[in-house]
Amino acid sequence: MKTRITELFGIQHPIIQGGMHYVGFAELAAAVSNAGGLGIITGLTQRTPELLAAEIAKCRTLTDKPFGVNLTFLPVLTAPDYPGYIRAILDGGIKAVETAGNNPQKWLPALHEAGVKVIHKCTSVRHSLKAQVIGCDAVSVDGFECGGHPGEDDVPNFILLPRAADELKIPFVASGGMADGRSLVAALALGAEGMNMGTRFMATVEAPIHDNVKQAIVAASELDTRLVMRSLRNTERVLNNGAVERLLAKEKALGAALKFEDIIEEVAGVYPKIMKDGAMDAGAWSCGMVAGLIHDVPTVKELIDRIMAEAHAIISQRLAGFDAA
Ligand SMILES: Cc1cc2nc3c(=O)[nH]c(=O)nc-3n(C[C@H](O)[C@H](O)[C@H](O)COP(=O)(O)O)c2cc1C
């Protein structure tokens, strides 16, 4: 399948694996790229730029296909060593960067000078337009359904994607709620040139996370996610569990007076315990409503091949059949 996104990143299929904290290691990124998509290493999961450089080098030993790095600009007081991470990206010969969180404008000249294509993740049309104006090469439009941070506008993809298509000139992928060939064809119909998946890639053989996490996603339905940290304007969609219920009870009790310190136990530093140790109630972890569409743990190649076969069948049979009628 050829779209502006496959052309931009030099990939076979218009499928991107979004950056995921403590999930997006070299093993997963390489598996996605080897299967013809764009795999992405999550920059900040590597505690230092040196460790990111080592993770990039490791990924190179696992694939000779293009892969990218996610750089998330966090709303924190003491910023990570972003110049160092950018240097690791450039020195590592990376040609695709997924930015997210704050405006990436400051870093674009250095990235573009080195021939890096930048796809910025946005949860609104206005932020997507801003990304276009500052010179991003593409956007990943993340609907309200998504796992992680859906922003504060709550616009689902059936509205957000065609709105983005009406306004944007640069190509974009649909992100949030994408799981299978139906998602891909729907995304293309709504104006996107591909799709970005997070939660679906967690439930794969190669995702280097504890099997408890994969089984929790398979067991979950579309009703099992919750939104937390809304009053802090840092909304996150997570899978419900004991820690999340405790967190929500605190949010209800404290209302607008809630501070980050009140919920530190449920949200800070919990990812290694969950993703590596499989301690499923250790805290709140990002998960999309798309869990309701995930029923198995295939290899990444099986998943991507299945998505592409299903997408082609829908286009050439189901949709073509309607057209003829
Ligand atoms: C466990 C998990 C961790 C994530 N961590 C990040 C992150 O560190 N940076 C980022 O830009 N997006 C992050 N995301 C968002 C994904 O890149 C992607 O945009 C999102 O999962 C898409 O929605 P979906 O889960 O419905 O496919 C995370 C998502 C999940 C599920």
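The values are calculated or read from the model by the stated rules, or taken from the named source; none is laboratory data. On a predicted model such as this, the values are computed, not experimentally measured, just so you know. Please note: Cβ atoms are built from the backbone with ideal geometry, for glycine as well, and neighbour counts cover all protein chains shown. In case anyone asks, the SASA skips ligands and DNA or RNA and just uses the protein heavy atoms, side chains included. Shrake-Rupley method; radii C 1.70, N 1.55, O 1.52, S 1.80 Å.
Data overview
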{"read-out": "Shape metrics for the chain, restricted to C-alpha atoms - Rg then Dmax, Å", "value": "18.8, 61"}
{"read-out": "For P208, net neighbour charge (Lys/Arg +1, Asp/Glu -1) across residues whose Cβ lies under 10 Å away", "value": "-1"}
{"read-out": "Intensity falloff of the stretch 90-209 expressed as log10 I(q)/I(0), Debye formula with alpha-carbon point scatterers, at q = 0.10, 0.15, 0.17, 0.20 Å⁻¹", "value": "-0.30, -0.67, -0.84, -1.09"}
{"read-out": "Relative pair counts by distance (%), Cα atoms of the stretch 1-160, 5 Å bins", "value": "2, 10, 19, 22, 22, 16, 7, 2, 0"}
{"read-out": "For L38, residues with placed amide H under 5 Å, excluding near neighbours", "value": "I15, I16, Q17"}
{"read-out": "Heavy-atom surface of the chain, accessible at 1.4 Å and reported per residue (Å²)", "value": "43 Å²"}
{"read-out": "The stretch 208-325: Rg to Rh, with Rh as the Kirkwood radius over Cα pairs", "value": "1.14"}
{"read-out": "Residue-count net charge about P171 - beta-carbon cut-off 11 Å; Lys, Arg +1, Asp, Glu -1", "value": "0"}
{"read-out": "Leading residue at positive end of dipole, the chain (Cβ point charges), from L74, L232, I315", "value": "L74"}
{"read-out": "Over the stretch 198-258, volume per residue of the alpha carbon convex hull, in Å³", "value": "96 Å³"}
{"read-out": "Largest-first principal axis extents of the Cα set of the stretch 33-82 (Å)", "value": "38, 20, 12"}
{"read-out": "³J(HN,Hα), Karplus 6.51/-1.76/1.60, whole Hz, each residue of the stretch 174-191, x for Gly, Pro", "value": "7, 10, x, x, 8, 9, 8, x, 5, 4, 5, 5, 4, 4, 5, 5, 8, x"}
{"read-out": "Order by protection proxy (mean Cβ within 10 Å, highest first), peptides 317-324, 226-233, 300-307", "value": "300-307, 226-233, 317-324"}
{"read-out": "Surface share of carbon and sulfur [accessible, 1.4 angstrom probe, percent] for the stretch 241-297", "value": "60 percent"}
{"read-out": "Under 12 Å, Cβ to Cβ, from F73 - net charge with Lys/Arg +1 and Asp/Glu -1", "value": "+1"}
{"read-out": "Extreme residue, positive dipole direction of the chain, given options V133, L247, G39 (C-beta unit charges)", "value": "V133"}
{"read-out": "Calculated diffusion of the stretch 241-286, Stokes-Einstein form, Kirkwood radius summed over Cα pairs, 10 °C and 1.306 mPa s, µm²/s", "value": "146 µm²/s"}
{"read-out": "Size of electric dipole in the stretch 170-325: Cβ of Lys, Arg +1 and of Asp, Glu -1, about Cα centre, debye, nearest 20", "value": "300 debye"}
{"read-out": "Ellipsoid equivalent to the stretch 1-57 - semi-axes via the Cα gyration tensor, in Å", "value": "23, 10, 9"}
{"read-out": "Directionally averaged shadow of the stretch 81-160, computed from the convex hull of its alpha-carbon atoms, nm²", "value": "5.5 nm²"}
